[in-house]
Amino acid sequence: MMIPFRALAASFLLVVLGALAPPAVAQPGAPQPPRPAAPTPDSQRLLQVLEDAFVSVADRATPSVVNVSVKVKRGPSPEGATPEMEERFREFFGPELFERFFHRRPPRDQGRAAGSGVLVDPRGYILTNNHVVENATEIEVRLSDDRKFKAVLVGRDGRTDLAVLRIENPAGPLPVAELGDSDRLRVGQWAIAIGNPFGLDRTVTAGIISATGRTHVGVATYEAFIQTDASINPGNSGGPLLSIDGRVVGINTAIVSSGQGIGFAIPINMARDIMTQLINRGKVVRGWLGVAIQDLSPELAAGLGVKEDAGALVADVMKDGPAAAAGLRPGDVIVEFGGSAIKDVPDLQKRVAAVEPGRAAPVTVMREKKTVTLSVKIGEQPTDDTMEAEAGDEILGLAVEPLTPETARQSRLSARSGLLVTEVAPGSAGAVAGIRPGDAILEVNRRPVGDAAAFREAVAGLKPGESVPVYLQRGGGTNEYVVLTAPRP
């Protein structure tokens, strides 16, 4: 007989709470309470059913979880600094002062970085995180039966922190995980995470779904994370988050290091769409509005005559972009897009990205406390490579890369998300602001930045002489604000 899950969970909690209740303390002269009854066959059966459910998930899903090992690129040496010069400086100043003031980090290929992944297609396709493989020169995956394969990078998407790998020439069938439907998740459901934390292969942990649709985490540009208290640790990145029926509902991607039991996974429905585009097109195509936007503060909302939680403020309109052609202006507040109300910046980003380039969409804005409706022909969002080719290798004189646990440790940073500054051009806007190699950029204009595209977008609307606040963490863990000013011609 199949036991309803809600009844199973309720009975399980009653049994656990009963087992944890402290024994009654007998008072002198008081009658002795009856001895607690032994567990009934029904309660034992319920606990056994629950145990069997977890064991079944582990048995079914663990073979599809792979260890992803990558060899990463060597970081460039500062211009003009030979290894002999560096060694002389290190001997003179000592290792600690050399690292602190000359901001040198060990070469990125002194070892192999590792993460997790999950086989999702019998043709050998693997889902993992972008930050696991983005600097890889070689990729190797190891299966639960210890078979090892070279893997190729099919494509990656830094804006969602997803990547797709493919095993080359697999010998024999591959164990493949079954994908679920993350749109049907409910807070309170069981959640099971499998990965390779700290090199401990295929570790299984369990918890619940704590929340869905989490934004403003600062890990990626497009965020709608599943939050879970199932234990996720460094090395779990790219592994699956599973439901109690053993289906993949998310790809584990981040943790809050300052808290306990706070982990985040990319919803599998989002990951499935990204994977399909990367396999079929080699890139992710998204709609593009061509504006720099920001959330409304209470002061801005009051001054513009709108609600604080209703809309996204247009900070700048990119020249020759779709929004400029449609007549959007800086200072407009986008309150509706495509006929749906807009709550905040992530909401607008998600809705615009989902529109096929070339299609027209209605946009309603508040302009000078009046409602204006425009029609915008949505463009195709430039890829990271295109934006880098247009803007060069630096952003206002700063070379940056996504912060990883390894680079955070090397730079003595407690932050676990943001951008690591690897180089600062002398005399640049970044240098004038006091930003140094080894700093972590956490926020720009009060918005978290998790990749170079988000940083570039945050400063794209600055006119010469205009400034934005930048929230930094210095090497050693000290946080402070600096002001980054766009250079004048």
If I take R0 = 25 Å and measure r between the Cβ atoms of ASP146 and ARG186 in this structure, what FRET efficiency does the formula 1/(1 + (r/R0)^6) give, to the nearest 0.05?
0.10
At R0 = 45 Å the Cβ-Cβ FRET efficiency linking GLU299 and ILE279, nearest 0.05, sits at 0.45
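If you count only protein heavy atoms with a 1.4 Å probe, what accessible area per residue comes out for segment 278-347, rounded to a whole Å²? Present the calculation step by step, with values, prior to reporting the outcome.
Details: 3130 Å² over 70 residues.
With the other protein chains kept in place, segment 278-347 gives 45 Å² per residue.
Anything over 25 Å Cα to Cα? Flag those among LYS283/LYS463; LYS350/LYS463; LYS150/LYS350; LYS307/LYS350; LYS319/LYS350, in the order listed. Write out the running numbers ahead of the final one.
Details: LYS283/LYS463 31 Å; LYS350/LYS463 27 Å; LYS150/LYS350 35 Å; LYS307/LYS350 20 Å; LYS319/LYS350 22 Å.
The pairs that break the limit, which is 25 Å between Cα atoms, are LYS283/LYS463; LYS350/LYS463; LYS150/LYS350.
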Cross-link candidates for LYS148: which lysines have Cα within less than 22 Å, leaving aside residues fewer than 8 places away along the same chain?
LYS71, LYS73
Under 4 °C and 1.567 mPa s, how fast does segment 154-310 diffuse according to Stokes-Einstein, given a Kirkwood radius computed over C-alpha pairs? Answer in µm²/s, whole number.
75 µm²/s
Charges on Cβ only, +1 for Lys and Arg, -1 for Asp and Glu, centred on the Cα centroid of segment 229-295; of ALA265, THR253, GLN277, which one is farthest towards the dipole's positive end?
GLN277
What distance in nm separates the two pseudo spin-label positions at SER467 and ALA341, each 7 Å out from Cα along the beta-carbon direction?
3.8 nm
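Please sort 186-199, 145-158, 450-463, 261-274 by packing, taking for each peptide the average over its residues of neighbouring beta carbons within 10 angstrom, highest first.
Listed from highest to lowest mean packing, they are 261-274, 450-463, 186-199, 145-158.
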Over the Cα atoms of segment 283-324, each weighted equally, I'd like the Debye log10 I(q)/I(0) at q = 0.14, 0.26, 0.31, 0.34 Å⁻¹, rounded to two decimals.
-0.42, -0.86, -0.98, -1.06
Would you mind checking the radius of gyration and Dmax of segment 209-284 based on alpha-carbon positions, in Å?
12.6, 39
Subtracting the Cα-Cα distance from 0.36 nm times the residue separation, let me have the gained length for ALA425 to ARG272 in nm, one decimal.
51.1 nm
At a Förster radius of 22 Å, what calculated FRET efficiency corresponds to the Cβ-Cβ distance of ASP245 and ILE208, to the nearest 0.05?
0.90
Suppose the Debye formula is applied to equal point scatterers at every Cα of segment 402-488; what is log10 I(q)/I(0) at q = 0.11, 0.21 Å⁻¹?
-0.26, -0.97
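The values are calculated or read from the model by the stated rules, or taken from the named source; none is laboratory data. These figures come from a predicted structure and were not determined experimentally. All Cβ positions, glycine included, derive from the backbone under ideal geometry; neighbour counts span all protein chains shown. Accessible surface is based on the protein model in full, side chains and every heavy atom, while ligands, DNA and RNA are left aside. Shrake-Rupley method; radii C 1.70, N 1.55, O 1.52, S 1.80 Å.
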